[in-house]
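These notes are about the structure you will find just below.
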Amino acid sequence: MSADLSGLTFLDRPNSYIGRSVPRPNARRLLEGRGVYVDDVAVARLGHVAFLRSPHAHARIVALDTADAKAMPGVIAVVTGPELAAVCTPWVGVLGHFKGLRSAPQHALALDRVTWVGEPFCAVVARSRAEAEDALAAIMVEFDPLPAVVDMETALESATPPIHPELGDNLAFERVLDVGDVDAAFRDAAVVVEETFQFGRHTGVCLEPRAILADWAAADGMLTVHHSFQAPHMMQDILCKHLALSEGAVRVICKDVGGSFGIKVHIYPDEMATCALALMLKRPVKFVADRLESFQSDIHARDHRVTARMAFSAEGDILALDMDDLTGIGPYSVYPRTSAVEANQVVNLTGGPYRHQHYRARARVVLQNKAPTCQYRAVGHPIATMVAEGLIDLGAARLGLDPFAVRVRNVIPDDAYPCAGVSGIKLEKLSHQAALAKLRAMMDYDGLREEQALLRQRGIHRGIGLAAFIEITNPSAAFYGVGGARISAQDGCTIRLDPQGGVVAAVSVTEQGQGTEGIIAQIVATATGVPMDQVRVISGDTQTTPYGGGTWASRGAGIGGEAAWQAGKALRGNVLAVAGAILQADPGSLDIRDGAVVDAATGTERMPLSELGRIVYFRPDTLPPGVQPEFVATRHYVPKDYPFAFTNGVQASYVEVDTETGFVRLLKHWCVEDCGTVLNPLLVDEQIRGGIVQGIGGALFEHCLYDAEGQLLNGSMADYLVPMAGEMPDIDVAHVVSATASSEIGAKGAGEAGTAGAPAAVVNAINDALAPLGARVSRQPVTPDVVLEALGLI
Amino acid sequence: MKAPDFAYARPASLDAALALLAEHGEDAVPLAGGQSLVTALNMRLSAPGLLVDLNAIPELAGVSEDEGVVRIGAMTRHRDVGTAALVRERLPLLAAALPHIAHPAIRNRGTIGGSVALADPATEWPACCLAAGATIVVRGPGTERRIAADAFFLGLYTTALEPGEIVTAIEFPVPGDGAVWGFEELSRRHGDYALVGLAATGRRSAVGLSDLRLAFFGVADRPVLARAAAAAIEAGDLTGAQAALADELDPPDDPATRAATRLHLARVVLGRVAGRMRDGTVKEETSHGA
């Protein structure tokens, strides 16, 4: 956070909205049911598409007869994979900076082979979705089932056939990192602990499922796409490439989006097919995923098995960490971000809060016949955090040390920054020591330990779990751009002052319910001096906003917010230059506050913005000679000092385990985190809480279950258990503020910290509760089955 | 998913509804609260030609008492069953079961008759009927049948209902002196289908429990009356009762929960419920609203 010549930061501006819990401007509209989601967009001649999806994990399509379906009532078209391929070219989900990453060409509709249950291979467009589904039932298909690769543990064995024969085997990517002298460190260690951690496959469940409406207007050569999506410009670029259209011929609009969590930032075959169908049929076509096909075809995440060991000195110093990660990603690496990122993050992040110097990691990414996995909230973080934090608790127990003390002893000290983590990650400024100290007081750690001990005497088994973590936010081009992905790392904001003194701000970062537009409005109001209720924010439209990356990887506030701040400052400068000319004053002596030009020193009003707007727009003839007002300003921003703005935090969980039923009751959860400048405490705290709840989902509830043949066994909200309010604990959130010096606003991301640390905190708490019984769990989700097995009761 | 086309009728009398069902045979399905049927339609698991909506037939809803029997109309909503003063006073078992039935929106719409006719083995009302010795009153074309709950639930979604018949009411005998009851359900989240549930009734005296009826749900293809376990508890042998469940229950082995887990949990639940009934203690229940 930088200060101006007077030594004041933007926080000191007289009408600053920064750091205040101002309400989100769009909240009321959404609460009143006036949101415009894709399914709310009404267009004439709309065709509804439904997809025939594979019932097999792996099969050859021997015969496909669509004649009967084409004759069904209301049917506009029935299109097969080969027919669609004439319009939409295939893609391969690899990137240059993941050396050796391999995948196979993937088509919008499978051509002659299906590779997971739920893969689309034929489309019906009809007057209604119901009629399209009626016609699906009339399509005749003959499959020749092929061996399915289901278990990632055996995917690499020579007896397992490769899913894509041209690749030779099922290894998509492998990374090995070896830093320091790991073998020597383990040899000399006082204590070595080892554990195998299993992370169930789960997914992000959005209130609004994936949805897309593509409208091809042949007359003016424009494909308009309404899309429930996070990155409109990325989608525009990819549609151009695969549908052979120019940039100007594709407009992607992401109006209201009902949740995303990383689910809506990938290229999906059914969505590409919908756009291709609009081109083929020269009419609008809409696809809205229902809940079953969401579970079958949204990206999944996690599905890792990590075997890891940690070496300690007798005093409790972490000496070294050695881990092996295996993950199954489905039959294709997902386009364009690839499915190698999660494993890569696990390698980069595991043990990241700590100061050990010896680290070895191997990650293997294997193909399998299940739904593709890709980036979902806190990519890799919960895995990395669980591995290190689980091992630390094991080590502390073996050494007879308090787990809190072991963490305090080992974190990188707050005065050591800037520095590099053991995996090579560059860290600007973190605050582990301050965060741990704050957490200890906030949760009354010592009091809680006393309570735990007392209750144990009464046979009540409570546990306390801790998890320190780091989080990747504000990515630069190092994330995707350097690998060749055309995903913008920079973002922009254009602000226009209108005659009555209000402003319209168009931003390239996007809103999916987390409050991006609210943050932008706060920043714009603060920077321009215009009251927040006179700021309108436009986002999610490739045609009306600056070019940018959208919202993912906790980048909306830190990157889009800085662009808005710079644009606001520039506009204020432009406005004051004109005001100075009219008022015959030095523009430097003026400021804008609360919608009026004022004398900066005294705050005395000199001219309301509405008067300035009247002159500039309607009586420019009265302006002094040579004055050309520019009441529009645009600025862009991309982080350049560091590849990522790392944040840090620590969470704690307090649980009670019913040792007869294996049920876990969450009593309380705490999080202290450091996302730099807190722009809006209310939004940040709710991001943290929501993230924690999603993390708890992975730890205890959510699991995409497949049988040995690769059939997805749970595809509804009744049997895929999302975390619900009734089971959630109260969550206390506090902050340490280490602003990044990379930007003036100093904000880092806050969207994923909760998810990064919650599973490890909860699982460690469960193990703490089970410890007196000699039981231990390491498989997520921790269901009653898992606990009862650990207790030897079943 | 969208339901295939179907016709819809909303008769105003029971006779008219039965006539429609008779006329259309297997192609017609009665619609009660719709909390399971509408989902099945949308998932295309069921594709009837005609839905006969029972919601406009006033005589099918309501709770009344007559000569030691509480009669609950089939179209009485879950919430109205569990909150009726008569039920809370006479049939506290049902009132205790109510908060475990799904969520408020479903309890406001779903009906006890619909639940009993569907016979999902993991739901609360069928087990309560069994535990309380209820009688299921059904009407077909022109005839009324009265079927004991013991003989009504025959298997997975299978009951003694004949084609063309609908459930019109459920009659519960009012428990007499010394009556005690117990209810416990374990589900992963509040409102989920039971992993294991137990609805129980009996009589307590100075010598112990008698006339025990232990109706387990979620542990077989139908609600199960565990008679051997009940006999063991009446004999004061809880461990024996828990052991007996191995032969009496047939829990499903589903991907999220092993059969062994359900059997273990059934034993835990039995111990807790039987202990409370024996000791006369009522479980402290966090309220999830009616």
Task: Distance between modelled label sites at B:T39 and A:A581, nm, 7 Å Cα→Cβ extension - done: 6.8 nm
Task: chymotrypsin sites (Phe, Trp or Tyr not before Pro) within region A:691-794, DSSP loop, no more than 15 other Cβ atoms inside 10 Å - done: none
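How high is the relative contact order of region B:179-279, in percent, counting Cα pairs under 8 Å that sit 6 or more residues apart? Let's see the in-between values first.
On the way: 189 pairs, mean separation 26.1, N = 101.
Here the relative contact order equals 26 percent.
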Open item on the list: Can you give me the C-alpha center-to-center distance between region A:682-709 and region A:262-294, rounded to a whole angstrom?
Closed with: 26 Å
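Stretched out fully, how many nm does the piece from A:Q357 to A:D402 gain, at 0.36 nm a residue minus the Cα gap?
13.9 nm
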TODO: Determine the gain in length on full extension of the stretch A:A314-A:S716; use 0.36 nm per residue of separation and subtract their C-alpha separation, reporting nm with one decimal.
DONE: 139.7 nm
Task: Relative contact order computed over region A:609-690 (Cα-Cα under 8 Å; 6+ residues apart), in percent - done: 19 percent
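Mind checking region A:271-316 for trypsin sites (Lys or Arg not before Pro) that DSSP puts in a loop (not H, G, I, E or B) and that have at most 15 other Cβ atoms within 10 Å?
A:K282
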- [ ] Under 12 Å Cα to Cα from A:K429, which aspartates and glutamates show up? Leave out anything in the same chain fewer than 8 places away.
- [x] A:D414, A:D415, A:D674
TODO: Just grab the label-to-label distance for A:D68 and B:E65, each label 7 Å out from Cα along the Cβ direction, in nm (one decimal).
DONE: 5.9 nm
Open item on the list: For the protein assembly as shown, I need the span (max minus min coordinate) of the C-alpha atoms along each principal axis, in Å, sorted largest to smallest.
Closed with: 100, 75, 68
TODO: Can you check what the net charge comes to around A:G74, using other residues whose Cβ is under 15 Å from the Cβ of A:G74 (Lys, Arg +1; Asp, Glu -1)?
DONE: +2
Task: Entries in A:K241/A:K286; A:K99/A:K264; A:K70/A:K255 that, when Cα-Cα distance is taken, lie over 30 Å - done: A:K70/A:K255
Task: region A:553-662: GluC sites (Glu not before Pro) falling in loop per DSSP and having at most 16 other Cβ within 10 Å - done: A:E630, A:E660
- [ ] Could you pull out every residue, at least 5 positions away or on a different chain, whose amide H is within less than 5 Å of the one on A:V597? Hs are placed 1.01 Å off N in the peptide plane, and Pro or chain starts have none.
- [x] A:R606, A:M607, A:L609
Task: Karplus 3J(HN,Hα) series, Hz, for region B:84-95 with 6.51 cos²θ - 1.76 cosθ + 1.60 (x for Gly, Pro) - done: 4, 4, 4, 5, 4, 7, 8, 10, x, 4, 5, 5
TODO: Could you name the lysines whose alpha carbon sits less than 20 Å from that of A:K668, not counting residues in the same chain fewer than 8 places away?
DONE: A:K438
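A short reminder: the numbers here are calculations on the coordinates, not readings from a lab. These numbers come from a predicted model, not from an experiment. Neighbour counts run over all protein chains shown; Cβ positions are idealised from the backbone, glycine included.
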